[in-house]
Amino acid sequence: MISKSTGMHRCRKFAARFARDKRGVAAVEFAFIVPLMLALLFGMIDAASGVAINRKVTLTARTLSDLVSQGSQVTNTDIANFFKMGSAVMAPYEVTTDTLKQTVSAVSIDASKNAKVVWSYKGAVNGGAATVSKGYEVDDVITTIPASLLVPNTQLIWSEVTYNYTPITGYVVGKAVVPLSEETFTRPRQSMKVDGPTS
């Protein structure tokens, strides 16, 4: 039978030996640090990708309005090709009907500085093919145009681009989507106005 004092002595000895044993410290520290390091790594990748995609969205909006503003009239084929160019500008990032949405409109500003839609089209690109549909209704009043652009008796080409960006961490937390958007206004270059497709 072990006496009480001997048992206490053994317990103290075991506790001291346990306190001096450092063999598992590295594994425990690794288990604590790895999730934090992975979160930082993927967070930096997501932030960098988000900035790059946002820049592409801006370029796409500028390209769309710039292409339309260079003519005096656009056809249905022109509109479809301009939307396809948006897909090319967004490369190498994924472009589907769910990720990239584009709208281009001609807005007429009357003598009273009221901005109304003359023609408008939406575009979705998937696999290199563009699907064009009706955008805003003709004569819709647009109130979001900056006051400095409301020059009486002129026309603006207005492009809007939205890209739904899903970060890597978004897949982990249930496909969180970050909408990135840009709009650009351009004056017609070759004439006072750009006419839309006749059919």
Count - residues of segment 81-107 that are small (Gly, Ala, Ser) and crowded, with 17+ Cβ neighbours inside 10 Å: 4
Matching helices (runs of 4 or more DSSP H) fully within segment 1-110 where at least 2 residues are modelled with pLDDT of 95 or more: 25-69
Residue under evaluation residue 179, criteria (1) modelled with pLDDT of 90 or more; (2) in a loop (DSSP other than H, G, I, E, B); (3) surrounded by fewer than 15 Cβ atoms within 10 Å (Cβ to Cβ), criterion not met: (2)
Selection count where residues are surrounded by 18 or more Cβ atoms within 10 Å (Cβ to Cβ) and either farther than 25 Å from residue 83 by Cα or aliphatic (A, V, I, L, M) (or both), scope segment 143-172: 3
Matching entry among 91, 111 (being under 23 Å from residue 50 (Cβ atoms), of a type in the set (A, V, I, L, M, F, W, C) and out of contact with any Ser or Thr (no Cβ under 9 Å at 6 or more places or on another chain)): 91
Failed item, numbered, when residue 155 is tested on (1) assigned to a strand (DSSP E or B); (2) among the polar types (S, T, N, Q); (3) more than 12 Å from residue 105 (Cα to Cα): (3)
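The values are calculated or read from the model by the stated rules, or taken from the named source; none is laboratory data. None of these values were measured; they are calculated from a predicted model. Backbone-built Cβ (ideal geometry, glycine too); neighbour counts: all protein chains shown.
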